[in-house]
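The values are calculated or read from the model by the stated rules, or taken from the named source; none is laboratory data. Treat the numbers as computed from the prediction; the structure is a model and nothing was measured. Heads up, the Cβs are rebuilt from the backbone with ideal geometry, glycines too, and the neighbour counts pull from every protein chain shown. These accessible areas exclude ligands, DNA and RNA; they are computed on the full protein's heavy atoms, side chains included. Shrake-Rupley method; radii C 1.70, N 1.55, O 1.52, S 1.80 Å.
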Amino acid sequence: MILGLSLLSAPLSYSVYAEDGVSNTMVQVVTQTKTVKGTIIDESGEPLIGVSIVVKGTSTGTITDFNGNFSIDLPAGRKELVISYIGYKEQTVTVTGNGPVNVKMISDTQALDEVVVIGYGAVKKRDLTGAVASVKSEDITMNPGTNPMEALQGKVAGLDITRESGQAGSGVKMQLRGNRSLTASGNPMFIIDGMPGDYATLNPNDIESMEILKDASATAIYGTNGANGVILITTKRGTSGKPTIRYNGYFGVEDFSHKLDFCDGSQITQRYRDYVSQNPGETMYNDYVKNAYEAENQANGIENDWIDAVSQTGIIQDHNVSIGGGADNVKYYVSADYMSQKGVLKGFNYKRYSIRTNI
């Protein structure tokens, strides 16, 4: 037993001669290891901390230090190292020679989609206990409205959105998980590309995605400003390659879903007569109209539908043109938008001109 344990732990070669009285047998056990050192860096050449390095087919592994360096013992017969790190593609490296192993990691965009940034750190979605909802650009532009927040209606659990009024270009009121104050506003905090901003100034076509943070763990970095929740808005950016030109537009009409039916002159007159007959002692002007002006209109056959007089068929349209492109080191995006809404009430019109660029 002692001999066996010493053979397993020894890195050198041993020759053992055993004699059993019948025959002579020579047993030779050879155990060899090789120390491999190297450095792991990202695409910009910066060292990566905590990268996992495992000998393929074994449980032997290590991680990189603060300078991205690592050292691992490679058993005899093993030549491949599996290198993995969250947000980067897994790589298998074959060790040849005695030189250092230097590896540059490549970003994995699909893996990054599964990472949620909260405060000063990042975690995988399946490990996140906080409430986070995400709405992509396609869902936002499918909603033909003047306000990008209207696109969130019915898409985020616990988020209530109501129009402030029926006026053209009116804003919305938002409540995440109910009211938190009797008097203060319940609107969440908006962060646009990392800075506090006003969503009303944004063209919906320029929004890449919106993330809604609803609980304390997700909004802790924002302090009391995040008490009503936080909505993170990321705008579109240019991508490497040839310039891409896009046009997005729509045209539509708006009208009342239901109009009130008004009484005509004779019906109003009969209403007044019924009132007088049911209330003895009450009198009207000439016992059938309310005042002299109504008597004059009645005599001249003048009738007015005031809702019809102040309303019209509304028209809404939006036209957006954008161009984006760039190279590996420089990317650009330029967008111009024209939006017009003629309200269903005469005199209430809304127009918005916007241009946005980044490089």
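Some observations on this one:
- Taking the criterion of being more than 25 Å from Met142 (Cα to Cα) and crowded, with 16+ Cβ neighbours inside 10 Å, the residues of region 313-344 that qualify are Gly326, Lys331.
- Pairs where the first residue, in region 143-158, is over 14 Å from Ile231 (Cβ atoms) and open to solvent by 10 Å² or more (accessible area, probe 1.4 Å) and the second is of a type outside the set (Ser, Thr, Tyr) and in a loop (DSSP other than H, G, I, E, B), C-beta under 7 Å, 6+ apart: Thr146/Gly169
- Scanning region 162-183 for residues that are over 16 Å from Val230 (Cβ atoms) and among the aliphatic types (A, V, I, L, M) yields Ala168, Val172, Leu182.
- Residue count, region 303-359 (criterion: in contact with a Leu (Cβ under 7 Å, 6 or more places away or on another chain) and small (Gly, Ala, Ser)): 1
Here is a yes/no grid of residues against (1) among the polar types (S, T, N, Q); (2) in contact (Cβ under 8 Å) with a residue 40 or more places away in the chain:
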site: Ile40; (1), (2): no, yes
site: Leu48; (1), (2): no, yes
site: Thr60; (1), (2): yes, no
site: Thr64; (1), (2): yes, no
site: Asn69; (1), (2): yes, no
site: Ile72; (1), (2): no, no
site: Val82; (1), (2): no, no
site: Thr96; (1), (2): yes, no
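- Filter pass, Gly145 being of a type in the set (Gly, Ala, Ser) and in contact with a Ser or Thr (Cβ under 8 Å, 6 or more places away or on another chain): no
- Taking the criterion of being open to solvent by 60 Å² or more (accessible area, probe 1.4 Å), among the β-branched types (Val, Ile, Thr) and within 26 Å of Met339 (Cβ to Cβ), the only residue of region 181-206 that qualifies is Thr201.
- Flag for Ile161 being closer than 30 Å to Tyr333 by Cα and not in a loop (DSSP other than H, G, I, E, B): no
- For Phe348, the conditions (1) touching a residue at least 40 places away in the same chain (Cβ under 8 Å); (2) open to solvent by less than 60 Å² (accessible area, probe 1.4 Å) all hold with the exception of (2).
Table: residues versus (1) crowded, with 17+ Cβ neighbours inside 10 Å; (2) modelled with pLDDT of 80 or more; (3) in a strand (DSSP E or B).
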position	(1), (2), (3)
Gln175	yes, no, yes
Asn179	no, no, no
Glu208	no, yes, yes
Ala218	yes, no, no
Asn225	no, no, no
